Each structure stands twice: as C-alpha cells, then as structure tokens.
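Heads up: the structure comes next, in structure tokens.
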Amino acid sequence: MVKVSLVCVGKLKEAFWRDAVAEYAKRLSRFCKFEVKELAEGKSPEEEAEPILRACKGRIFALAVEGREYTSEGFAETLKTLCDRGEEITFVIGSSCGLSPRVKRAADGLVSFSRMTFPHQLMRVVLCEQIYRAFMINAGAEYHK
C-alpha cells in the first residue's frame with residue numbers, strides 16, 4: 001500500500017477542520033497509508049523551508065498559486081501512475097507566509113487549485129477531499145459524478 005503524506009505548516013485550530021481531515025483520513029485508509037505532518041510556523045518562508053524539506057519523502061507536490069491546475073480526472077491519473085510505481089507521495093501546504101522558492105524548486109510538481117488565495121486550513125480539507133476523490137475515480141466508484 002502506497003504512502004501519501006501531507007506536510008502542513010501550522011495547526012488546524014477549529015474542531016470542524018480537524019474533524020473533516022480526520023474523516024478523509026479514515027476514508028483514505030482503504031487505499032493508502034495516509035499521514036498528516038504538522039510543522040511549527042516560522043517567521044518567514046525561508047525559516048520554514050528546512051523543516052518542510054526534512055519532512056518530505058518520495059515525490060513532492062507543493063501547493064502554489066502558480067502551479068499546474070488539474071481536472072479531478074487528471075489529478076487521479078497522476079496519482080494512479082505514481083501509485084502503480086509504488087512511489088511515496090508528499091503534498092506540501094505552506095503557511096500564510098507562503099512557500100520558500102527553495103521548497104518549490106525541490107518539488108517534483110507545483111499544484112494549484114485556483115488562481116485565488118484560500119485559507120490554509122480550508123485548503124488542507126480541499127486537498128484531502130481531492131486525494132480521496134482521485135482514489136475513488138481510480139477505483140471506478142460512484143463518488144465522482
């Protein structure tokens with residue numbers, strides 16, 4: 001079973017965000033070893049870079065507004081390819097300060113969900129849902145309509 005990790009800077013403060021991520025983690029457990037690694041916020045993206053990079057394993061995809069926008073099906077296909085190879089996958093969500101250029105350069109890909117800016121806590125839930133959706137698409141399940 002492939003390992004999928006989320007490396008996130010900062011904690012989820014509200015219980016409803018934590019509950020949503022926990023629900024998707026539970027759902028994902030049938031498809032992968034899913035883990036969320038929360039890192040302490042620093043004073044700048046550069047200060048956060050080293051802990052982020054130490055926490056990353058395998059193929060790294062960083063969320064960045066300038067990244068590639070996927071359809072759900074295209075995202076699912078990318079995950080399927082990596083899972084079929086048995087590659088570990090790490091997604092990175094930086095803090096409200098943004099991501100260091102160093103982290104972006106180290107990533108195998110930059111992913112954007114929109115050109116808009118979203119709260120980091122909400123993006124964690126959205127990313128978990130899209131990872132779950134991708135596994136459901138790849139399983140041929142009814143979840144994705």
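Considering every residue within segment 110-119, establish whether at least one is β-branched (Val, Ile, Thr), open to solvent by 70 Å² or more (accessible area, probe 1.4 Å) and at negative phi. Walk me through how you get there before you give the answer.
Filtering segment 110-119 for residues β-branched (Val, Ile, Thr) gives 111, 117.
Those still in the list that are open to solvent by 70 Å² or more (accessible area, probe 1.4 Å) too: 117.
Now drop any that are not at negative phi, which leaves 117.
Among the residues of segment 110-119, at least one is β-branched (Val, Ile, Thr), open to solvent by 70 Å² or more (accessible area, probe 1.4 Å) and at negative phi, which makes the answer yes.
What residue, among those in segment 1-33 that are aromatic (Phe, Trp, Tyr) and touching a helix residue (DSSP H, G or I) at 6+ places or on another chain (Cβ under 8 Å), is farthest from Arg85 (Cα to Cα)?
Going through segment 1-33, the residues aromatic (Phe, Trp, Tyr) turn out to be 16-17, 24, 31.
Then drop every residue that is not touching a helix residue (DSSP H, G or I) at 6+ places or on another chain (Cβ under 8 Å), which leaves 17, 24, 31.
Working: Trp17: 32, Tyr24: 23, Phe31: 15 Å.
Residue satisfying both the conditions and the ranking: Trp17.
Tally the residues that are part of a loop (DSSP other than H, G, I, E, B) and touching a strand residue (DSSP E or B) at 6+ places or on another chain (Cβ under 9 Å), restricting the search to segment 11-31. Spell out how you get there, then give the answer.
In the first step, residues of segment 11-31 are kept if they are part of a loop (DSSP other than H, G, I, E, B); the result is 11-14, 29-31.
After this cut, where a residue has to be touching a strand residue (DSSP E or B) at 6+ places or on another chain (Cβ under 9 Å) as well, the list is 11-12, 31.
Here the count works out to 3.
Starting from segment 104-119, keep only residues that are in a helix (DSSP H, G or I), then list their pairs with residues that are surrounded by 16 or more Cβ atoms within 10 Å (Cβ to Cβ) whose Cβ atoms are within a distance under 8 Å, requiring at least 6 positions of separation or different chains.
Note: pairs meeting the criteria are Lys104/Ala62; Lys104/Ala64; Lys104/Leu110; Ala106/Leu53; Ala106/Cys56; Ala106/Ile60.
Do any residues in segment 125-145 that are touching a residue at least 12 places away in the same chain (Cβ under 8 Å) and under 14 Å from Cys83 (Cβ atoms) have Cβ atoms under 6 Å from those of residues that are in a helix (DSSP H, G or I) and charged (D, E, K, R), where the two are at least six apart or on different chains, and which pairs are they?
Tyr132/Arg27; Asn138/Lys80
With Phe34, Phe91, Phe61 as the choices, which residue is hydrophobic (A, V, I, L, M, F, W, C), at pLDDT 95 or above and either part of a helix (DSSP H, G or I) or more than 19 Å from Pro119 (Cα to Cα) (or both)? Step through it out loud before you land on a result.
On the way: Phe91 fails: either part of a helix (DSSP H, G or I) or more than 19 Å from Pro119 (Cα to Cα) (or both); Phe61 fails: either part of a helix (DSSP H, G or I) or more than 19 Å from Pro119 (Cα to Cα) (or both).
Going through Phe34, Phe91, Phe61 in turn, just one is hydrophobic (A, V, I, L, M, F, W, C), at pLDDT 95 or above and either part of a helix (DSSP H, G or I) or more than 19 Å from Pro119 (Cα to Cα) (or both): Phe34.
Those residues that are among the β-branched types (Val, Ile, Thr) and either open to solvent by 70 Å² or more (accessible area, probe 1.4 Å) or farther than 21 Å from Ile137 by Cα (or both), I need them from segment 44-81; list them, please.
Here is the first cut: in segment 44-81, the residues among the β-branched types (Val, Ile, Thr) are 52, 60, 65, 71, 78, 81.
Ile52, Ile60, Val65, Thr71, listed by residue number.
Is there a residue in segment 4-25 that is surrounded by fewer than 16 Cβ atoms within 10 Å (Cβ to Cβ), among the hydroxyl-bearing types (Ser, Thr, Tyr) and at pLDDT 95 or above?
The answer is no; no qualifying residue exists.
The values are calculated or read from the model by the stated rules, or taken from the named source; none is laboratory data. In this text the structure is predicted, and so the values were computed from the model without any measurement. Neighbour counts run over all protein chains shown; Cβ positions are idealised from the backbone, glycine included. We work out accessible area using only protein heavy atoms, side chains counted, and drop any ligands, DNA or RNA first. Shrake-Rupley method; radii C 1.70, N 1.55, O 1.52, S 1.80 Å.
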